[in-house]
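Below is one structure, written out as structure tokens; comments come after it.
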Amino acid sequence: TGNEYNPGIGFQHREDYHMYGGYLNYLWLSPEPSPVLRHGPRLDVDDFFSMTRGVRETGRYIFDYYIELKNFWQISLGGIYRIEKVFEVFELSDEAEVPVGYYTFPQLTGFISTPSTRSAWLYIEGVSGGYFDGSMVHISAVPSWSVSSSLTLGGAYIFSHVDLPERDQQFISHIGRLKALVMFNPRLSLRAFIQYNSDSHDLGSNIR
């Protein structure tokens, strides 16, 4: 996307960049007696380069090991190595900010997912490790429940804790989300989304 690019609808996380990346995995299929369906290593790479400055802004390199069971449970555990070039100070909150600089830091990551084929489904993901010149813990839980053919309920809870000891700063955030979909008939439905952010104390909703 160039400097003058305007998406018109929605938003973009960054501008004036080239992104290069790729995804590679190698999975083994397990024999019949095993409870495991398939498993193997995965590599995911993303590099973002500033078109104006001609330097890498962000590098993200993920290596994990993925396991899928025959009952459709999914599990992954791995590591992330990140590179971040910060050109301008940015604020996490009124009490915490990240200064200009070049940062490299490792993180651990993993997720577990219950079978999405069932009426009730749960996805849990966690990331922990370095974060610029500090450390962080990030946990998210996303449940979903198909109550009936005409009613689906869902939500999310996202917890983030960033510790920046060099400046004695902390950032703690709790985000809660609720959503519902009601299908009255093939031509009429009601969709509701409600979110609360503890950092900004904002409660927002979208109903259509």
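The values are calculated or read from the model by the stated rules, or taken from the named source; none is laboratory data. All of these numbers come straight from a predicted model, not from anything done at the bench. Cβ: placed from backbone, ideal geometry, glycine included. Neighbour counts: every protein chain shown. Protein only, heavy atoms only, side chains kept; ligands, DNA and RNA dropped before computing areas. Shrake-Rupley method; radii C 1.70, N 1.55, O 1.52, S 1.80 Å.
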>> As an exercise, use a Förster radius of 35 Å and the Cβ-Cβ distance of Tyr26 and Leu122 to find the FRET efficiency, rounded to the nearest 0.05.
In response: 0.80
>> Rounded to the nearest 10 Å², what accessible area does Met183 have for a 1.4 Å probe in the complete protein model?
In response: 80
>> So if a site counts as exposed when it's one of the chymotrypsin sites (Phe, Trp or Tyr not before Pro), its DSSP state isn't H, G, I, E or B, and it has at most 14 other Cβ atoms within 10 Å, what's the longest stretch of the chain without one?
In response: 88-208
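Using a Förster distance of 35 Å, how high is the FRET efficiency between Glu97 and Ser205, based on the Cβ-Cβ distance and rounded to 0.05?
0.75
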>> Show me, for region 30-47, the HN-Hα J-couplings you get by feeding each phi into the Karplus relation (A = 6.51, B = -1.76, C = 1.60, θ = phi - 60°), rounded to Hz, glycine and proline as x.
In response: 8, x, 4, x, 6, x, 8, 7, 7, 7, x, x, 9, 10, 10, 10, 9, 10
> Rounded to a whole number, what % of the accessible area of the chain do carbon and sulfur atoms account for, probe 1.4 Å?
Replying inline: 59
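Just to verify a number: FRET efficiency for Ile139 and Leu178, C-beta to C-beta distance, R0 = 25 Å, to 0.05?
0.85
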>> Solvent-accessible area of Leu153, probe 1.4 Å, all protein chains present, reported in Å² to the nearest ten, please.
In response: 60
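Find, among the trypsin sites (Lys or Arg not before Pro) in region 6-79, those assigned to loop by DSSP (not H, G, I, E, B) with at most 14 other beta-carbon atoms within 10 angstrom.
For trypsin sites (Lys or Arg not before Pro) across region 6-79 that sit outside H, G, I, E and B with at most 14 neighbouring Cβ atoms in 10 Å, the list reads Arg14, Arg53, Lys70.
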> Contour minus end-to-end for Phe90 and Arg56, with contour as 0.36 nm per residue of separation and end-to-end as the Cα-Cα distance?
Replying inline: 10.5 nm
> How much accessible area per residue does the chain have, in Å², with a 1.4 Å probe?
Replying inline: 65
> His174 accessible area, nearest 10 Å², 1.4 Å probe?
Replying inline: 70
